[in-house]
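The values are calculated or read from the model by the stated rules, or taken from the named source; none is laboratory data. Since this is a predicted model, take the numbers as computed values, not measurements. Positions of Cβ are generated from backbone atoms using ideal geometry, with glycine treated the same way; all protein chains shown enter the neighbour counts. Remember, those area values only see protein heavy atoms, side chains included, never the ligands or the DNA or RNA. Shrake-Rupley method; radii C 1.70, N 1.55, O 1.52, S 1.80 Å.
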Amino acid sequence: MNNAKVYGVEDHIDFVVGDFFQLAPSLKGDVLFLSPPWGGPSYKMTKKFTLDSLKPKDGHSMFQVAQKITPHIIMYLPRNVDLLEVEQLSWLSSPPLDIEIEGNTVRGHLKAITVYFGDAAITQLCLPQTLSGAACKVCI
């Protein structure tokens, strides 16, 4: 909320506090930002962080629930997340969603990954690449 106030957009955002899975059936929105718990500092010890490791429910289930609210989803994930798994969320959707994967760095060090799905993907800012044959945008 503080960041929204700093950037002057707090009047354009509805902040909802509660259990996402309990609130989701009654939510409607243009864009949904998901920043699920990564399970504590131990996520750093894993070579490839899988979506099944997200808490309190796996990333696939979370994404399916989010899609009932809007196809325009932003996910904030650990830097070691399995990018092929993340890409699968895009092409397993019906219809397949545009995707952009952005690396978040601090002083040149990768700290996290932000993934944009649907119209939330800002495709004109990145160079096109391919992760596993599907067209997507990768900014890392």
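Within region 26-48, the set of residues being surrounded by 13 or more Cβ atoms within 10 Å (Cβ to Cβ) and at pLDDT below 85 comprises G39, Y43, T46. Among the numbered conditions (1) open to solvent by 50 Å² or more (accessible area, probe 1.4 Å); (2) in a loop (DSSP other than H, G, I, E, B); (3) out of contact with any strand residue (DSSP E or B) (no Cβ under 8 Å at 6 or more places or on another chain), the only one that P71 does not meet is (3).
Filtered by the rule that a residue be part of a loop (DSSP other than H, G, I, E, B) and open to solvent by 100 Å² or more (accessible area, probe 1.4 Å), region 10-25 gives D14, V17.
Scanning region 32-63 for residues that are among the polar types (S, T, N, Q) and either in contact (Cβ under 8 Å) with a residue 40 or more places away in the chain or in a strand (DSSP E or B) (or both) gives a single hit, S35.
Between L51, L89, L77, which is in contact with a Pro (Cβ under 9 Å, 6 or more places away or on another chain), surrounded by 12 or more Cβ atoms within 10 Å (Cβ to Cβ) and under 15 Å from I113 (Cβ atoms)? Steps first, answer last, please.
Working: L51 fails: in contact with a Pro (Cβ under 9 Å, 6 or more places away or on another chain); L89 fails: in contact with a Pro (Cβ under 9 Å, 6 or more places away or on another chain).
Testing whether each residue is in contact with a Pro (Cβ under 9 Å, 6 or more places away or on another chain), surrounded by 12 or more Cβ atoms within 10 Å (Cβ to Cβ) and under 15 Å from I113 (Cβ atoms) leaves just L77.
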